[in-house]
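This report refers to the structure that appears directly beneath it.
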Amino acid sequence: MDDLASAFDPQLMFDFPDPYPMFAEMRRAQPVAHFTMLGRENYVVTRYDDVWAVLHDGDTYSSRANYEVGKFFGRTIIEMDGKEHTRTRALVSAVFSARAIDALQPVITRLVHARIDAFAGAGRADLVTELTTIFPVQVIAHIVIFPVQVIAHIVGVPAGDYARFMRWSLDLIAFSKDPAKGRAASDHLHDYLLPLVRSRRAEPHDDVITKLVTGTVDGVGLTDDEVISFLRLLLPAGAETTSRLMGSMFFALLAERGEPLERVRAERVLVPWAVEETLRWETPVLFVARQSTRPVEIAGVHIPEGKFVSAVIASGNRDETHYPDPDRFDLDRRADDHLSFGFGRHFCLGYHLAKMEARTALGAVLDRLPGLRLDPDAEPPRITGLAFRSPQALRVRW
């Protein structure tokens, strides 16, 4: 157990090389492991069926386990339960309706092509730095990266403010690595967003902030601070995870001398399945936290009331009892039952947007970069991370 606990050191969470052998051994030998993780006692659940059960049962497994996030983002929907969660989700769900997201398609298409315009003539690029990522924190602050632009557009940030919006976003997302910088970024975003929120209350527009400040359930709406907390949550939930999804998708498709990519280029019907298989094979967020509301038993292990339960969705997505040959990226798998967006009342609100961005980016790359391949003169790419995973670099030629 000491080896497992050391793997979850906060300083390793962004650099951990490959946790999947460890997860496989946990599924085999101890599917519910009990040890201290990130400074608190945890029961870590690794098999598909058990992870699904935890995600699906919001009455037994409470989201209040995510209260630490609230210290940096403010109180948000990811730590709420019961009536509070139902009310807040109803108020913010209009932002992510299918109609609202579909209306963003022209914006997303324009933004991704603008990013590709910046490097298409060079014949080489790092797709992570120049197209898909807002992470790691070393990224040059003046480069405005595609998914951040989408979220900035949704929030209503003027184009001239994208660079500092991104800089604050990077620092906030990395709060577990540098809490002081994360808190300062949170304060900067609050001070930046508060005038926008107040202006929409005074003069409503046809935009997301107006929907948030004017919506009501049973006559009660969101306060300014509640709106700002939700907007700050869009940064990791709506930008970083999509960035990581796209980075891992291109990593997988460029493997095996680019044969998967060329197959998708020839068979565009595979584009959505490339996205789904990436979500299963290399989910951007590896685990979610819950807290038991009553004594419960999982896989023969007794969990007392009030204990933290970590559901390792990355392990469930590679459970060999649920997916044959789970470590292989397989365009023919058609696995749309992966755990990456959760289940039940906490099913990810932004799943439609994330998939649209990934599909659009893949389609644009296939159209614009013929003969795309890994750069033979660059270091071979690798995917790292334990809290979040994606390649740190993806140097390519075409």
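The values are calculated or read from the model by the stated rules, or taken from the named source; none is laboratory data. Quick caveat: nothing in here was measured; it's all calculated off a predicted structure. Positions of Cβ are backbone-derived with ideal geometry, glycine not excepted, and every protein chain shown enters the neighbour counts. Accessible surface is based on the protein model in full, side chains and every heavy atom, while ligands, DNA and RNA are left aside. Shrake-Rupley method; radii C 1.70, N 1.55, O 1.52, S 1.80 Å.
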Only one residue in T278, T210, T283, T242 is surrounded by 15 or more Cβ atoms within 10 Å (Cβ to Cβ) and in contact with an Asp or Glu (Cβ under 7 Å, 6 or more places away or on another chain). Which one?
T242
Out of (1) in a helix (DSSP H, G or I); (2) open to solvent by 30 Å² or more (accessible area, probe 1.4 Å); (3) in contact with a helix residue (DSSP H, G or I) (Cβ under 7 Å, 6 or more places away or on another chain), the odd one out for W273 is which?
(3)
Scanning the range 203-243 residue by residue, the ones that are farther than 30 Å from S390 by Cβ and of a type in the set (G, A, S) total 3
Can you find, within the range 172-201, the residue that is most open to solvent (accessible area, probe 1.4 Å) among those that are within 21 Å of G156 (Cβ to Cβ) and in contact with a Gly (Cβ under 7 Å, 6 or more places away or on another chain)?
L196
One residue is enough: does the range 54-69 have a residue meeting the conditions open to solvent by 10 Å² or more (accessible area, probe 1.4 Å), over 30 Å from E226 (Cα atoms) and either β-branched (V, I, T) or modelled with pLDDT of 95 or more (or both)?
no
Give all pairs with beta carbons closer than 6 Å in which a residue from the range 170-182 that is at negative phi meets a residue that is acidic (D, E) and open to solvent by less than 10 Å² (accessible area, probe 1.4 Å); count only pairs at least 6 apart in sequence or on separate chains.
I173/E240
Show the residue pairs meeting these rules: Cβ distance below 8 Å; 6+ apart or different chains; first residue within the range 255-282 and closer than 12 Å to R333 by Cβ; second residue hydroxyl-bearing (S, T, Y).
T278/S248; L279/S340; R280/Y323; R280/S340; W281/S248
For the range 16-121, please list each of the helices (runs of 4 or more DSSP H) lying entirely inside it that holds at least 2 residues being of a type in the set (D, E, K, R) and within 30 Å of R397 (Cα to Cα).
105-117
I'd like the residue in the range 365-392 that is of a type in the set (A, V, I, L, M), modelled with pLDDT of 95 or more and crowded, with 16+ Cβ neighbours inside 10 Å and, out of all such residues, is nearest to P106 (Cα to Cα).
V365
In the range 281-339, anything aliphatic (A, V, I, L, M), outside any strand (DSSP E or B) and within 30 Å of L270 (Cα to Cα) is listed as L286, I313, A314, L331, A335, L339
Subset of the range 334-349 that is closer than 12 Å to L279 by Cα and touching a Phe, Trp or Tyr at 6+ places or on another chain (Cβ under 7 Å) - its residue that is surrounded by the most Cβ atoms within 10 Å (Cβ to Cβ):
L339
